[in-house]
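Read-outs: derived from the displayed coordinates by stated rules, not from any lab. As the structure is a computational prediction, the values presented were derived from the model and not from experiment. Heads up, the Cβs are rebuilt from the backbone with ideal geometry, glycines too, and the neighbour counts pull from every protein chain shown.
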Amino acid sequence: MRNLYLIFAFCSLTAIANAQWQQRNSFQLSYIDNISVVDSNIVWAGDQTDQSLSVSKDGGQTWTRNNYQPGSFAGGAFTLGTFSAVNDSTAFIIAAGVDAAGTANNGVFKTINGGKNWTKLPGAFSAASFPNFVYFWNINEGVAIGDAYPNQYFEIYTSSNGGQTWNQVQAANQANGNAEWGLNSGIHLRVVNGTIYFTTSGGRLFKSSDKGKNWTAINTPATSNNYLSFDFKNDNEGMVVFSNTSAGEKFVYTTNNGGATWTPQTGGDYSFLRQIKYDASRNIYFSTSNFGLAYSSDNGATWIRHPSFINLSLGALHILPNNKVLTGGWGGIYYSTNYIGINPTVTSAASSDKNKINIYLSDNINETSAAVPSKYIVTYAYSKGTANITDTIPVSSAMVDAVEKNKIVLTTAEDLPYDTITVRTYEIVSSDGLPVLFPGAGSRAQFIKTANTGLQDITSYGIRLYPNPVKDIVHIDSNRNIAGVKIISVTGQTINVYNNLNHHIGSTISLPLNMKTGVYYLQFTDPSGQVIETQKLIKKD
């Protein structure tokens, strides 16, 4: 049997079994790490590729993807940070980098057409700045935050007129930044009852209760913000999850006095925790990660992993004003008002022949919903020169197996390559009418077959690489103890080896400076030297 590396995304367009989780296609291409909620209907979502934003006007049921148009960020080398939407057409985003002409163009940008075109707002940040966050409480009042490094104080601006003008927060109005910096991702920013917080590279939290005009610092037990996540219930009660050790062990601490002191939680399994979010309507904490969805109703002492999401990588999570829980995966959006609802999921997948894909699920599948070939989009990515190309393989037939009713058999119109195969599917439901949740990267539905390199076919053990494609630094999240990583070219040549990592849960590696653009494989080994997984990596300029 020939195995393939399969990544699944799912979009259900029919509202079935509303007590369960629903899944929709956001049309984002990768891991959704930023979500901005305006109200119970208007939600914006963006993935880690920094190419577009998707907007929903009906609480996540349908989405429109708006690509960044030339003249905004296209053609430049930008790192985009958080974005903040104020209605269905207007949003603000942080950008750091150079434009197509090679000119530094750091700052706050604004769109008034749903994210298609962006205009830089004057008065905030300079060529030497590195901005991280932007947040607007309404169409007029907002704050933009940049690194303190190499200076002592964070570069913070406030606006009261929609970003037309900005006022810089002076040193006298903020705690000493200690030349620290922030990380430009939504996981490191929280707004609770109007109070805004962000993390620093020293493991601290900065807090403002007056919309960014004055800032105080909160010390936490963490020593950095690389694997730090947090949220607060109110001004006094909060939680941090972090990893300080080289082995990547996770720790959970809570406070009931605004961070003056912190109390460790013990006795639970915290290895799968990553991004935490407090849900005031239910008085519980959620966590999303490469290991799915978890929740705690006892202030973080113990956590329950949701069985329908064990195989799914999840990113940003928000609670809508109508108490709907909404979270993003690899292009997919999942939402429910009943967060404990159980859905059928994919359990594994393989290729049994040169043009066959077998998808195995946890429940029997409705034959009518699965038997439409046009519902499936099969693609694979490869490198051609300096470009990363995605080709589509037509599906000629789809059917539920005559004997194994929990298996979908796809027949493709041409042979499947030995490569990364992505299958997107729409409107698949179980025989009971429940939406099927298809996993993204980091699930047991991942397989790899390489004809030329001799690499072993290995089922994924839950290792997630991001960003991918990548320019220089690769972040690794894993539930395994990774001791070594080897970069291998498609011809089998060893490009680089990283030993003695001794990292469990989280790590980063820097790619060699002379590493050319193209497709590579990362081979992971445990402390005994055994290969535990191989994943594809795309190097970009």
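Some notes on this structure:
- Of the peptides 368-375, 50-57, the order by per-residue mean of other Cβ atoms within 10 Å, starting with the highest, comes out as 50-57, 368-375.
- Net lengthening on full extension, residue 103/residue 61 (0.36 nm per residue, minus Cα-Cα): 11.1 nm
- Protection-proxy order for peptides 167-174, 292-299, each taking the mean of Cβ atoms within 10 Å per residue, highest first: 292-299, 167-174
- Counted by neighbouring Cβ atoms within 10 Å, the residues 405, 324, 354 run from fewest to most as 354, 405, 324.
- Principal axes of segment 463-539: Cα extent on each, largest first, Å: 29, 23, 18
- Working from label points 7 Å from Cα in the Cα-to-Cβ sense, the residue 179 to residue 526 distance is 4.2 nm.
- Pair residue 396, residue 281: separation of 7 Å Cα→Cβ label points (nm): 4.8
- Estimated distance in nm for a label pair at residue 515 and residue 323, the labels positioned 7 Å out from Cα along Cα-to-Cβ: 4.8
- Among 165, 103, the ranking by other beta carbons within 10 Å of each residue's beta carbon, starting with the fewest, stands as 103, 165.
- Zone residues, segment 221-236, relative to residue 209, backbone N less than 12 Å from point 7 Å out along Cα-to-Cβ: 234-236
- For residue 261 and residue 540, the difference between the fully extended length at 0.36 nm per residue and the C-alpha to C-alpha distance is 96.0 nm.
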